[in-house]
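The structure under discussion appears below in the form of structure tokens.
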Amino acid sequence: MKVAYNKAHVGDVLLVQLSMESIVKTAMDRAGDVAILKEETTGEVKAFNLFNASKYVQLDVAGNVEVTPELVEKLEAALKANGAEISLDVDFSPKFVVGYVETKEKHPNADKLSVCKVNVGDETLQIVCGAPNVDAGQKVVVAKVGAVMPSGLLIKEGNLRGEDSFGMLCSARELAIPGAPEVKGILVLDDSAEVGSPFEVSTR
């Protein structure tokens, strides 16, 4: 789930994205302060907008809102108060974690891409990476599917030139780390970093 709020430019509206897939053709229902956005052909709820948001949740941000259990609880209360039947099934597992690059192979269809197998603790992910400095044996920062980058980019499953990719290996600039170098390349962590452990990232 991705949540955004910018009162100065959008008004007192909380924008809640429930699906990582864009809506092809939008159908909208209204339930009080809740505008429900669905995929017209399937009826699947992809997002909702909560108007008069400050009545339901206090926010002092302009941009991405951190999704916490407390926020989800308040959103569920707001939906119930407006008679909107939307289930919020939120995964609170860390989306930015320390990964270990087990293998790196040249992409069969792209000279500047590599196909990596990356251990993130509880699973091994295939991730296609274009960084020139990626290599097997590195500990890196992995943005898993569902992660929201500081730029607002939502990480989705992808397919790059015929190879599936389930996440992203991050550079210091992409993580908005102060003083990040201008050169291209992923952030390589110290060997002492624990594989699978959360990596704190500011998304505001």
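The values are calculated or read from the model by the stated rules, or taken from the named source; none is laboratory data. The structure displayed is predicted, hence computed values, not measured ones. Please note: Cβ atoms are built from the backbone with ideal geometry, for glycine as well, and neighbour counts cover all protein chains shown. The accessibility values were calculated without ligands, DNA or RNA, using every heavy atom of the protein model including side chains. Shrake-Rupley method; radii C 1.70, N 1.55, O 1.52, S 1.80 Å.
How about the range 23-46: which of its residues are closer than 25 Å to Val145 by Cβ, in contact with a strand residue (DSSP E or B) (Cβ under 8 Å, 6 or more places away or on another chain) and of a type outside the set (Lys, Arg)? Explain how you work it out, then say what you get.
Within the range 23-46, the first condition is being closer than 25 Å to Val145 by Cβ, and the residues that meet it are 23-26, 36-39, 41-46.
Checking which are in contact with a strand residue (DSSP E or B) (Cβ under 8 Å, 6 or more places away or on another chain) leaves us with 23-26, 36-39, 43-46.
Listed by number, the residues that qualify are Ile23, Val24, Thr26, Ile36, Leu37, Glu39, Gly43, Glu44, Val45.
Scanning the range 103-120 for residues that are touching an Asp or Glu at 6+ places or on another chain (Cβ under 9 Å) and without any contact (Cβ under 8 Å) to a residue 24 or more places away in the chain yields Ser114, Lys117. If you go through the range 9-48 and keep only what is open to solvent by less than 90 Å² (accessible area, probe 1.4 Å), touching a Leu at 6+ places or on another chain (Cβ under 9 Å) and without any contact (Cβ under 8 Å) to a residue 12 or more places away in the chain, you end up with just Asp29. In this structure, Val101 qualifies as open to solvent by less than 60 Å² (accessible area, probe 1.4 Å), at pLDDT 95 or above, within 30 Å of Pro132 (Cβ to Cβ) and touching a strand residue (DSSP E or B) at 6+ places or on another chain (Cβ under 8 Å). The single condition among (1) in contact with a strand residue (DSSP E or B) (Cβ under 9 Å, 6 or more places away or on another chain); (2) part of a loop (DSSP other than H, G, I, E, B) that Asp164 does not satisfy is (2). Only one entry in Lys156, Lys112, Lys144 is among the charged types (D, E, K, R), in contact with a Gly (Cβ under 7 Å, 6 or more places away or on another chain) and under 30 Å from Tyr5 (Cα atoms), namely Lys144.
Let's see how each residue does on (1) surrounded by 14 or more Cβ atoms within 10 Å (Cβ to Cβ); (2) part of a loop (DSSP other than H, G, I, E, B):
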| site | (1), (2) |
| --- | --- |
| Val140 | yes, no |
| Val145 | yes, yes |
| Gly152 | no, yes |
| Arg173 | yes, yes |
| Ile186 | yes, yes |
| Asp191 | no, yes |
| Gly196 | yes, yes |
| Val201 | yes, yes |
